[in-house]
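The values are calculated or read from the model by the stated rules, or taken from the named source; none is laboratory data. All values reported here derive from a predicted model rather than from experimental measurement. Every residue, glycine among them, receives a Cβ derived from its backbone with ideal geometry; neighbour counts consider all protein chains shown.
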Amino acid sequence: MDILLTVLSISSISTVLAIIIVIAEKYLNDYGDCEIDINNGSKKVTVQGGDTLLSSLGENKIFIPSACGGKATCGSCKVKVIEGAGDVLPTEEPYLSENEINENIRLSCQIKIKRDIKIVIPEDFFNIKEYKARVESIIDKTYDIKEFRLGLIEPSEIDFRAGQYIQIKTKPYEKIKETVSRAYSVSSVPSEKTGIEIIVRLVPGGICTTFMHEYLRVGDEVILSGPYGDFYLREDADDYIFIAGGSGLAPIKSMIFDILEKRIDKNMIFFFGAGSKKDLYYYEMFKELDNKHENFNYVPALSRPDVDDKWDGEIGLITDIVSRYVDDEMKNHAYLCGSPGMLDACINILKSKGFTDQTIFYDKF
């Protein structure tokens with residue numbers, strides 16, 4: 001009984017302290033109006049202090065890339081801070097190199113605005129817009145991957161490069177009371193300006209993927225922003241090697257169809273790694289492209305095919321397949337998208353074949 005009373009007392013004290021902290025944060029830390037000076041005065045916005053730099057800029061329609069939605073897990077929301085940010089936080093250090101720290105590069109999601117602040121961001125960020133869109137179709141591609149087609153309402157058109165991504169905002173559902181945003185690569189071609197296609201794999205417990213898979217319906221409206229990212233197709237290579245796994249197929253699909261649509265005279269080989277046949281999607285579509293276009297070669301591989309798969313294609317880890325197909329004499333650009341482990345292994349293989357950091361482009365998720 002004494003133990004129970006002690007536990008209840010500690011719990012009550014913790015609850016009271018939490019409430020006190022919330023009240024203190026609200027009433028004692030009133031930072032008032034703060035000015036954000038962007039790019040040496042080319043743009044200035046006044047915000048209420050106390051929120052993060054990432055959120056404050058977003059409220060003023062200035063969107064900084066943030067694949068994780070501001071949770072300090074992706075490290076993509078970097079900006080250069082001239083003054084007003086304070087010391088680098090422990091939550092930032094894993095994502096900043098020593099050189100970046102010396103150059104005052106910071107994570108905008110971790111900087112709380114407490115005073116006037118001066119920052120520098122790429123001019124391209126001013127071209128990122130927020131869009132209202134309507135869900136036009138939802139198609140199951142595998143047991144855990146869905147294809148979404150989103151028609152743009154306002155603005156009605158978007159300009160992006162093959163390979164770039166957008167960020168989608170969720171709506172509250174069940175116990176999720178907050179709105180979060182997550183990044184998804186565009187899988188449609190840039191010429192389709194009035195709508196976009198994305199491919200979303202369900203992540204168990206993922207706030208946004210659960211929203212997309214289980215709560216979003218055809219006809220629903222969503223808010224998205226973009227385009228983001230420097231993972232996009234460059235057209236100055238002799239030939240192209242594409243490597244993807246899972247939903248990493250999305251930006252690669254956009255690149256391949258962009259090349260074919262523009263009739264760019266370059267050879268392409270597309271390696272797609274999956275576990276078993278149930279993880280393979282768009283198979284017939286890419287096989288048809290392979291048969292139709294002499295400059296396109298599709299190489300899917302299963303690492304652990306089921307007995308019932310009746311698979312007569314490549315079997316093994318995608319790294320092994322890439323190693324056998326890629327010649328040391330190839331002078332290509334390589335584009336990779338997938339899990340960090342797969343990408344790191346494939347990058348090592350490509351570098352052993354003579355590829356360099358300047359000819360390998362990748363997007364890890």
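State the number of residues belonging to segment 323-362 that are among the aromatic types (Phe, Trp, Tyr) and in contact with a Gly (Cβ under 9 Å, 6 or more places away or on another chain).
3
Just need a number here: residues in segment 292-308 that are surrounded by 14 or more Cβ atoms within 10 Å (Cβ to Cβ) and under 27 Å from Phe257 (Cβ atoms).
Qualifying residue count for the region: 10.
When Phe361 is evaluated against the numbered criteria (1) part of a helix (DSSP H, G or I); (2) in contact (Cβ under 8 Å) with a residue 12 or more places away in the chain; (3) under 20 Å from Ser247 (Cα atoms), which criterion, by number, is the only one it fails?
The failed condition is (1).
Within segment 334-358, restricting attention to residues that are of a type in the set (D, E, K, R) and under 17 Å from Phe231 (Cα atoms), which residue is nearest to the chain's Cα centre (by Cα)?
Asp344
Test Asp144 against the criterion of being out of contact with any His (no Cβ under 7 Å at 6 or more places or on another chain) and surrounded by 15 or more Cβ atoms within 10 Å (Cβ to Cβ), and give yes or no.
Judged against the criteria, Asp144 is a match.
Quick test of your reading of the structure: Ala162 fulfils all but one of (1) surrounded by fewer than 22 Cβ atoms within 10 Å (Cβ to Cβ); (2) assigned to a loop (DSSP other than H, G, I, E, B); (3) out of contact with any Gly (no Cβ under 9 Å at 6 or more places or on another chain). Name the failing condition by number.
(1)
Just the residues that are modelled with pLDDT under 95, within 19 Å of the chain's Cα centre (by Cα) and part of a loop (DSSP other than H, G, I, E, B), please, taken from segment 175-201.
Thr179, Val180
Quick one: how many residues across segment 73-82 are assigned to a loop (DSSP other than H, G, I, E, B) and surrounded by fewer than 17 Cβ atoms within 10 Å (Cβ to Cβ)?
Number satisfying all stated conditions: 2.
So which strands (runs of 3 or more DSSP E) stay within segment 83-145 end to end and still have 3 or more residues that are assigned by TED's automatic domain parsing to the domain that holds Gln48, touching a residue at least 40 places away in the same chain (Cβ under 8 Å) and among the hydrophobic types (A, V, I, L, M, F, W, C)?
The strands (runs of 3 or more DSSP E) meeting that bar are 117-120.
May I ask you to verify whether Leu57 is assigned to a loop (DSSP other than H, G, I, E, B) and either at pLDDT 90 or above or assigned by TED's automatic domain parsing to the domain that holds Ile111 (or both)?
Here the answer is no, as Leu57 does not meet what is asked.
I want to confirm something. Restricting to segment 97-128 and keeping residues that are surrounded by fewer than 15 Cβ atoms within 10 Å (Cβ to Cβ) and over 16 Å from Lys80 (Cβ atoms), which single residue is farthest from the chain's Cα centre (by Cα)?
Arg115
If you scan segment 327-346, which residues turn out to be in a helix (DSSP H, G or I) and in contact with a Leu (Cβ under 7 Å, 6 or more places away or on another chain)?
Leu343, Cys346
Being loosely packed, with under 15 Cβ neighbours inside 10 Å and touching a residue at least 40 places away in the same chain (Cβ under 8 Å) is the filter; apply it to segment 172-192 and report the residue that is farthest from Asp363 (Cα to Cα).
Tyr173
Residue-wise test of (1) among the charged types (D, E, K, R); (2) in contact with a Pro (Cβ under 9 Å, 6 or more places away or on another chain).
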| position | (1), (2) |
| --- | --- |
| Glu197 | yes, no |
| Leu202 | no, no |
| Thr209 | no, no |
| Leu216 | no, no |
| Tyr228 | no, yes |
| Pro251 | no, no |
| Lys277 | yes, yes |
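Determine which member of the set Ile256, Ile264, Ile321, Ile349 is closer than 25 Å to Lys146 by Cα and among the β-branched types (Val, Ile, Thr).
Ile256
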